[in-house]
Amino acid sequence: MYCNLYLYKEHKEEESEVAVGKIREAIYGIHHMDETASKDRWMQNLHPLAKLLTAFVYIFVVVSFDKYDLPGLAVMGLYLFVLFFFGKFSLFRAVRQMKVILAVSAAVGIANPFLDHSVWMEAGGFVITGGMISMITLMLKGIYAVLESYLLIVSTSIEEICYALQCLKIPKTFITVILLIYRYMIVLLKEAERIMLAYEMRAPGQKGVHWKAWGSLAGQLLLRSIDRAQIVYESMMLRGYDGTFRLIRKKENTAQSLVYGIGWILIFLLYRCFCEYLR
Amino acid sequence: MQTIEISHLSFAYGDEPVLSDVCFQAEGEETIGIIGANGVGKSTLLKIIVGILPEYQGSLKICGMEAERKNLAQIREKTGYVFQDSESQLFMSNVYEDVAFAPRNYGYPEEEVRRRTERALDMVHIKDLQEKQIYRLSGGQKKLASIATILSTNPEIILLDEPSVALDPKNRRNLIRILKELPGMKIIASHDLDMVWDTCSRTILMSDGRIIADGNTKELLTKQDLLEAHGLELPMFVAGQQSMQQKK
């Protein structure tokens, strides 16, 4: 009896730790991306502007493909494969970390098969409609864009991305907002983790947060994260912060960055212009 | 020369008075402990000195400058404030970037920023941690990193809010050793009286937002009745000595 009760309690505790675990996983995910971006590898050492521009052009080219041009779009996946392989990034981890965004972007074209019934191919009684093709191309476009963004984030720290934006003469206010949102996001997640842990320790066996506690928990989260954000802001002010982040790049600018950026951008543009002739 | 002159300083959060008629002066390389029970206004006093809470009454001069909005940037360059919560104080991605944040903001060339950052890290003996991510640091390392963040501007006055809180005995001893090595005036707000005993030559006792006593640390921290009347206890070291004497 005692043993059963013990096992029951253990099971319930495991159940209640799910929410805290998810927040912790999110915090760990951000830290992992930060840490990967700071590694001393060829991809991380490239100039952030080269990586940022390449990513922009890649996404632009991917999006520009016709909704029925599945073969043309499929080839664009090679770029991601090359980067994941030679950059030593884990595709499995990328999919796991971006699973929600990937699912949302993959679901964008889900209605297409019901809207477009034009027959494209018929093989052994199975009809492939234009709706199916356009659904797959839309899915691929979303997935490619998300994975390219992931590669940019894991190979470039937020400071370096903002440094690249600064090089592009993006307004300072915009850059500061990006950096502060990034900092505040971590503060908010850590506070959420503490609050959820405190709640779950006192509500064993309860699945999620009881609706009666939603209001007070959300309020607490807001007040406490504002408090912590205030300390961060005061700490910045005391160290001479005047509204502008002075972003400096410590790494040397290499010819490798130039070759990388110009090389990939040329490949994308040339392929986009002449892919129809290649077939 | 580093000086602090506070006269008839009062402060309230809305209608709730926190500090009343606080007066004291400090100069040179003194290390001053501000002690008192929770909520007596120790942290508030430090925040007023560094200009985080500018709406006070009375007079406050830092290094001869009146603590007004127009002098705030200069005052903040001369003073360094270490928050009680080190984790919130460290906001950049790694230790080097965090320590380099202040000198970059004060417009030093990158070579000078590097020199100052490495010197600050050296002073608290964590140069080997400079490339480490902030979240990978232990509590003791975070405290030292947060001290390094203020040392990179060579402050003349260092203010520390509860520096020993949440540190294990070894890290606490290490912190005390480092605090003793730091140059300049140091003001430590703490209710860790053993640390104050070890590091401060002068101690100010606060209660209900007022200064109750101001004097030599070794004299003040042996007055059991005075400390107990204001919610404190004798430092363990002193209490141990007194009980030994009683046994003899």
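Each reported figure results from applying straightforward, stated rules to the coordinates on display, with no laboratory input. What you see is a predicted model, and the numbers here were worked out from it, not measured in a lab. Note that each Cβ is placed from the backbone with ideal geometry, even for glycine, and that neighbours are counted across all protein chains shown.
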*Quick one: grab the alpha carbon gyration tensor of segment B:3-238, order the square roots of its eigenvalues as a ≥ b ≥ c, and give me rounded if a/c is under 1.5, else prolate or oblate depending on whether a/b is larger than b/c.*
oblate
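Based on Cβ point charges of +1 for Lys and Arg and -1 for Asp and Glu, what charge dipole magnitude is obtained for chain A about its Cα centre, in debye rounded to the nearest 20? Working shown, then result.
Numbers: 30 positive and 24 negative charges, 117 e Å.
Result for chain A is approximately 560 debye, rounded to the nearest 20.
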*Spacing of the two label points (7 Å from each Cα toward its C-beta) at B:Thr3 and A:Ile262, in nm*: 6.3 nm
*Mind checking the full-extension length gain between B:Ile212 and B:Ala73? Use 0.36 nm per residue of separation minus the Cα-Cα distance, one decimal, nm.*
46.9 nm
*Please go through segment A:18-81 and write out the trypsin sites (Lys or Arg not before Pro) that DSSP classes as loop and that have at most 16 other C-beta atoms within 10 Å.*
A:Lys39, A:Arg41
*Using a cut-off of under 17 Å, list every residue of segment B:170-184 whose amide N is near the label point 7 Å from the Cα of B:Ser201 along the Cα-to-beta-carbon line.*
B:179-184
*Can you give the FRET efficiency for B:Ala229 and A:Asp242, using 1/(1 + (r/R0)^6), R0 = 45 Å, r = Cβ-Cβ distance, to the nearest 0.05?*
0.50
*Summing Lys, Arg as +1 and Asp, Glu as -1, what charge do residues with Cβ under 13 Å from the Cβ of B:Arg210 carry, B:Arg210 excluded?*
-2
*Cross-link list B:Lys170/B:Lys223; B:Lys143/B:Lys180; B:Lys132/B:Lys170; B:Lys127/B:Lys186; B:Lys223/B:Lys248: which exceed 18 angstrom alpha carbon to alpha carbon?*
B:Lys170/B:Lys223; B:Lys132/B:Lys170; B:Lys127/B:Lys186; B:Lys223/B:Lys248
_Using a 7 Å offset from the Cα along the Cα-to-Cβ direction at both A:Val100 and B:Asp122, what is the distance between the two label points in nm, to one decimal?_
4.7 nm
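Provide a whole-number value for the mean count of partner chain Cβ atoms within 10 Å of the Cβ atoms in peptide B:76-87.
Values: counts 5, 3, 0, 1, 2, 4, 2, 5, 1, 5, 1, 5.
Mean shielding by partner chains, rounded to a whole number: 3.
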*What residues qualify as long-range amide H neighbours of B:Leu159, i.e. H under 5 Å apart, gap of 5 or more or another chain, H built at 1.01 Å from N?*
B:Gly80, B:Tyr81, B:Val82, B:Ile187
*Taking K and R as +1 and D and E as -1, what net charge do the other residues with C-beta under 14 Å from the C-beta of A:Val146 add up to?*
+3
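Hey, what number do you get for chain A at 222 nm if only DSSP H runs of n ≥ 4 count, each worth -39500 (n - 2.57), divided across all residues, to the nearest 500?
Numbers: 13 runs with 210 residues, N = 279.
When only DSSP H runs of four or more count, the value is -25000 deg cm²/dmol.
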*If you build a Gaussian network model of chain B, linking Cα atoms that sit under 10 Å apart, which residue out of B:Ser164, B:Ser138, B:Ser43 swings the most?*
B:Ser138
*Quickly work out the A:Ser90-to-A:Phe114 label distance, labels modelled 7 Å from Cα along the C-beta direction, and quote it in nm with one decimal.*
3.8 nm
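Could you tell me which trypsin sites (Lys or Arg not before Pro) in segment A:98-176 are loop residues by DSSP with no more than 11 other beta carbons within 10 angstrom of their beta carbon? Please report the intermediate quantities before stating the final value.
Working: sites: A:Lys99, A:Lys141, A:Lys169, A:Lys172; in loops: A:Lys169.
For trypsin sites (Lys or Arg not before Pro) across segment A:98-176 that sit outside H, G, I, E and B with at most 11 neighbouring Cβ atoms in 10 Å, the list reads A:Lys169.
When a/c reaches 1.5 or more, the comparison of a/b and b/c decides; with that in mind, is the protein assembly as shown rounded, prolate or oblate per its Cα gyration tensor?
On the way: a/c = 2.74, a/b = 1.87, b/c = 1.46.
Because a/c hits 1.5 or more and a/b exceeds b/c, the protein assembly as shown counts as prolate.
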*asked:* Nearest 5 percent is fine: what portion of the DSSP beta bridges confined to chain B is antiparallel?
replied: 55 percent
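Give me a single rounded figure for A:228-236: the average over its residues of other chain Cβ atoms within 10 Å of their Cβ. Numbers along the way, then the final one.
On the way: counts 3, 2, 2, 8, 7, 3, 9, 16, 6.
Going residue by residue through A:228-236 and averaging, the value is 6.
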*Can you check what the net charge comes to around B:Ser152, using other residues whose Cβ is under 15 Å from the Cβ of B:Ser152 (Lys, Arg +1; Asp, Glu -1)?*
+1
*Anything in chain A that counts as a DSSP H helix reaching 15 Å or more along its axis (C-alpha) with Kyte-Doolittle mean of at least 1.0? List them, would you?*
A:48-64, A:70-86, A:130-155, A:255-278
*Protection proxy ranking of B:19-26, B:120-127, B:140-147 - average other beta-carbon atoms within 10 Å, highest first*: B:140-147, B:120-127, B:19-26
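Tell me, what is the percent relative contact order of chain A, built from C-alpha pairs under 8 Å that lie six or more residues apart?
Numbers: 231 pairs, mean separation 89.8, N = 279.
Worked out over chain A, it gives 32 percent.
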_Please report the antiparallel percentage of DSSP beta bridges with both residues in the protein assembly as shown, rounded to the nearest 5._
60 percent
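Using a 10 Å cut-off on Cβ to Cβ distances, tally the other chain neighbours for every residue of A:240-249 and report the average as a whole number. Kindly include the intermediate steps, with their values, before the conclusion.
Numbers: counts 11, 5, 2, 0, 1, 4, 10, 2, 6, 1.
Taking the mean over all residues of the peptide, I get 4.
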